[in-house]
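Enquirer: Here you go, one structure.
The values are calculated or read from the model by the stated rules, or taken from the named source; none is laboratory data. As the structure is a computational prediction, the values presented were derived from the model and not from experiment. Counting neighbours? That spans all protein chains shown, and the Cβs are built from the backbone with ideal geometry, glycine included. Ligands, DNA and RNA are excluded from the accessible area calculation, which covers all protein heavy atoms including side chains. Shrake-Rupley method; radii C 1.70, N 1.55, O 1.52, S 1.80 Å.
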Amino acid sequence: MLSKLENKLQFLNSKSSVWSVIEDISNNKNQDEAFYVCDVGNIIEKYFNWKKFMPRVETYYAVKCNDHPLVLETLASLGIGFDCASQDEISKILNLNVEPSRIIYANPTKPETHIKYAEDVNVLRMTFDNAWELEKIKNSHPKAELILRIKYDDEKARYKYGCKFGCNHITQAPELLARAKQLEIKVVGVSFHIGSVIKTPEVYSAAIEAARYVFDVATNLGFEFNILDIGGGFPGAHGTSIEEVSKIINEGINLHFSDPSIAIVAEPGTYYVESAFTIATRIHSITVTEPDPTGLYTYMYYVYAGTYTTFLGLFFGEHYVPQALNKNIYEKKYPTIIWGPTCDSSDKICENVNMPRMNIGDWIVFENVGAYTLTLATNFNGIPTPKVYGVVCEQMWNELKDIMRVPQKFHLQMKENVSQFLEKIVDMQQ
Ligand SMILES: *Cc1c(COP(=O)(O)O)cnc(C)c1O
């Protein structure tokens, strides 16, 4: 798989970078459509960074966040697990030769056909939060190992899941566990997801404590729980860090789950991919608004990548920061609106931004577009999904690919000297 991945990558040396690759591609006269550059090295760096801050927590990447082959192949090579939510996602991951034991089918409400498929391909672990699901699993996949999803929302998170998934750990969980016991189904742990783009990391602490309560109820009922799944919600943009949230999580784990035989797992999506993708999009049309009372015009640029190809997060309160390619930062700036290519007036990428004067054929770049962009893309108005170019720092790749071939050995080595490795990688990237 590594050589397959390698063939798709362009190598960066001391003279090149994601931005220089963008310049090269955009300088091609025939390049009209928008394109992404995916820095696989950035994903690998995230992996080491996670090991540094939360060595006890194993990651199961949430496939729904970005299922591009460059992402999935890189993460599979690193030996991590996957959080899949449907038959198709499971099959995608198994096609990469990932062991079924490295998959959690983390959708609490599943069609029977998908549950049967999981049984066929030997995926055992799946989440649930209600009694109907228990009956279905009993009929379709009686050897499954279930993880009970409890509800714990960060009320300030951009995306909350509690209105749709998760049971109350006090009023509902004990009854559901008793029902599972009656049906002789194996329940092995607890999961939660406090939301995506979270604002209140302390909620992890409360959720871990609630999970402990459910573990104790389960022990009393005769279950042997062995897994705590703390979900996603970890920041992934350039300049963000998981240091603060890791302190809260490590503290909660040490306090409530000090028994090392319990596996602690997380399902980061955004964390792994958000900063790895950058998009460049060409201006194909320009207009101006009428002048405002002070005589000021707003420039309106129309570009190839829009809400429906890339920026669907706009509908959920996400915002994206435009940068002009090849413009001096000291140039005078003007009020600007950037529109996507479709005929829909809600296809507006940004407004109230200040940018230098741009011409038709100039390019605008957006960083941090790896999370919930490609997987949400539509073909609305016949606009194609932008192509992805993969890059990686050559020196880093050469150092890592031998260890990446042998995930187990890789893991052992990492436990000993993650910090040194991380420092080395960061040096190489600069
Ligand atoms: C969406 C989702 C994730 C990933 O969330 P991020 O905030 O992107 O890390 C993880 N687990 C489950 C069950 C999800 O639905």
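Enquirer: Out of Gln182, Gln172, which single residue is surrounded by 14 or more Cβ atoms within 10 Å (Cβ to Cβ), closer than 30 Å to Glu135 by Cβ and more than 20 Å from the chain's Cα centre (by Cα)?
Expert: Just one listed residue meets the conditions, Gln172.
Enquirer: Say whether the condition of being more than 17 Å from Pro201 (Cα to Cα), of a type in the set (A, V, I, L, M, F, W, C), away from the ligand (no atom under 16 Å from the Cβ) and surrounded by 15 or more Cβ atoms within 10 Å (Cβ to Cβ) is met by at least one residue in region 225-241.
Expert: Yes, some residue in region 225-241 is more than 17 Å from Pro201 (Cα to Cα), of a type in the set (A, V, I, L, M, F, W, C), away from the ligand (no atom under 16 Å from the Cβ) and surrounded by 15 or more Cβ atoms within 10 Å (Cβ to Cβ).
Enquirer: Before we move on, is Val121 surrounded by fewer than 18 Cβ atoms within 10 Å (Cβ to Cβ) and among the β-branched types (Val, Ile, Thr)? It would help to see each step written out before you state the result.
Expert: Values: surrounded by fewer than 18 Cβ atoms within 10 Å (Cβ to Cβ): yes; among the β-branched types (Val, Ile, Thr): yes.
Yes, satisfied.
Enquirer: Just checking, does region 324-343 include any residue being open to solvent by less than 10 Å² (accessible area, probe 1.4 Å) and within 19 Å of the chain's Cα centre (by Cα)?
Expert: no
Enquirer: A follow-up question, please. Of the numbered conditions (1) at pLDDT below 95; (2) open to solvent by 60 Å² or more (accessible area, probe 1.4 Å); (3) in contact with a strand residue (DSSP E or B) (Cβ under 6 Å, 6 or more places away or on another chain), Val288 fails exactly one; give the number of that condition.
Expert: (1)
Enquirer: I'd like the residue in region 377-406 that is in a helix (DSSP H, G or I) and modelled with pLDDT of 95 or more and, out of all such residues, is nearest to Phe315 (Cα to Cα).
Expert: As a first pass, look at region 377-406 and keep what is in a helix (DSSP H, G or I): 380-382, 394-404.
Going one step further and asking which of them are modelled with pLDDT of 95 or more, we end up with 380-382.
Values: Phe380: 15, Asn381: 18, Gly382: 20 Å.
Here the residue is Phe380.
Enquirer: (1) outside any helix (DSSP H, G or I); (2) within 13 Å of the chain's Cα centre (by Cα): which one isn't true of Pro55, the others all being true?
Expert: (2)
Enquirer: Additional query: Testing Lys164 on (1) in contact (Cβ under 8 Å) with a residue 24 or more places away in the chain; (2) under 30 Å from the mean Cα position of the chain (by Cα); (3) at negative phi, one condition comes back false. Which one is that?
Expert: So Lys164 meets the others, but not (1).
Enquirer: Now, a different point. So in region 6-36, with the set limited to residues that are part of a loop (DSSP other than H, G, I, E, B) and in contact with a Phe, Trp or Tyr (Cβ under 8 Å, 6 or more places away or on another chain), which one is least open to solvent (accessible area, probe 1.4 Å)?
Expert: First, the residues of region 6-36 that are part of a loop (DSSP other than H, G, I, E, B): 7-8, 13-17, 28-34.
Keeping just the survivors that are in contact with a Phe, Trp or Tyr (Cβ under 8 Å, 6 or more places away or on another chain) gives 32-34.
On the way: Asp32: 61, Glu33: 97, Ala34: 8 Å².
Only one residue tops the list, namely Ala34.
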